[in-house]
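Here is the structure we will look at.
The values are calculated or read from the model by the stated rules, or taken from the named source; none is laboratory data. None of these values were measured; they are calculated from a predicted model. For neighbour counting, all protein chains shown are included, and Cβ atoms are generated from backbone atoms with ideal geometry for every residue, glycine included.
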Amino acid sequence: MSNQTLLFCTSHITSDENWERRCRRWFDHLKDRTLEFDQLLVVDNGSPELPGWSDTRVIYDLTRKLFSHKNIIIFRFEDTVSTDEHSVRSFQVATDYTNHYGFQKLIHIESDVYVLSKRLAQHINNLDSNIVKFPTDQLTDQFIGDNYSDRGILPDEIDYACGVDETWDDIFVKHLDIQRNYTYNR
């Protein structure tokens, strides 16, 4: 396998259900949106629970061989630190992982940010840089999107959405079951 692009995000997730509703859904969505990457690295901030996905490997250091047959690598820190501290150490781990395992490009997109248009995915794919951070504040001239965490639905015709976390029932509608007047207590 020729390692071209590593996608990475940070995490601190408290349940298996939230791993599914946040990281797994986000990963599957980005793969479907033609964002080109060979592997996802999740740098975990001491989450109390980890997913048991068959395409995932949990590691604690960079001393082992590359698990190229795994789609997702979770680099787990045993301790939980502040968000700012974790941002610094996770970026260092992602950079070290990129260099150690021979990736050519590193893309940083957090798991509450959804790339919704193929146009934006192509833009990210075509960026000619070794390290690509996804600063949504710099996309406003070319692409349409915002933080939608306090809204209940995503508008049509946007390129990206931030704030779509595990509280959203699907990536387009928050509290979908409530809107449908559906209850699990039958």
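Descriptive notes on the structure:
- Every residue from the range 140-161 that is touching a Gly at 6+ places or on another chain (Cβ under 7 Å) and buried (at least 16 other Cβ atoms within 10 Å of the Cβ): TYR148, ILE158, ASP159, TYR160, ALA161
The rows are residues; the columns are (1) at pLDDT 75 or above; (2) of a type outside the set (A, V, I, L, M, F, W, C); (3) in contact with a strand residue (DSSP E or B) (Cβ under 6 Å, 6 or more places away or on another chain).
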{"position": "ASP141", "(1), (2), (3)": "yes, yes, no"}
{"position": "GLY145", "(1), (2), (3)": "yes, yes, yes"}
{"position": "ILE153", "(1), (2), (3)": "yes, no, yes"}
{"position": "GLY163", "(1), (2), (3)": "yes, yes, yes"}
{"position": "GLU166", "(1), (2), (3)": "yes, yes, no"}
{"position": "LYS174", "(1), (2), (3)": "no, yes, yes"}
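- Meets criteria (in contact (Cβ under 8 Å) with a residue 40 or more places away in the chain, in contact with a His (Cβ under 8 Å, 6 or more places away or on another chain) and surrounded by 12 or more Cβ atoms within 10 Å (Cβ to Cβ)) for ILE171: yes
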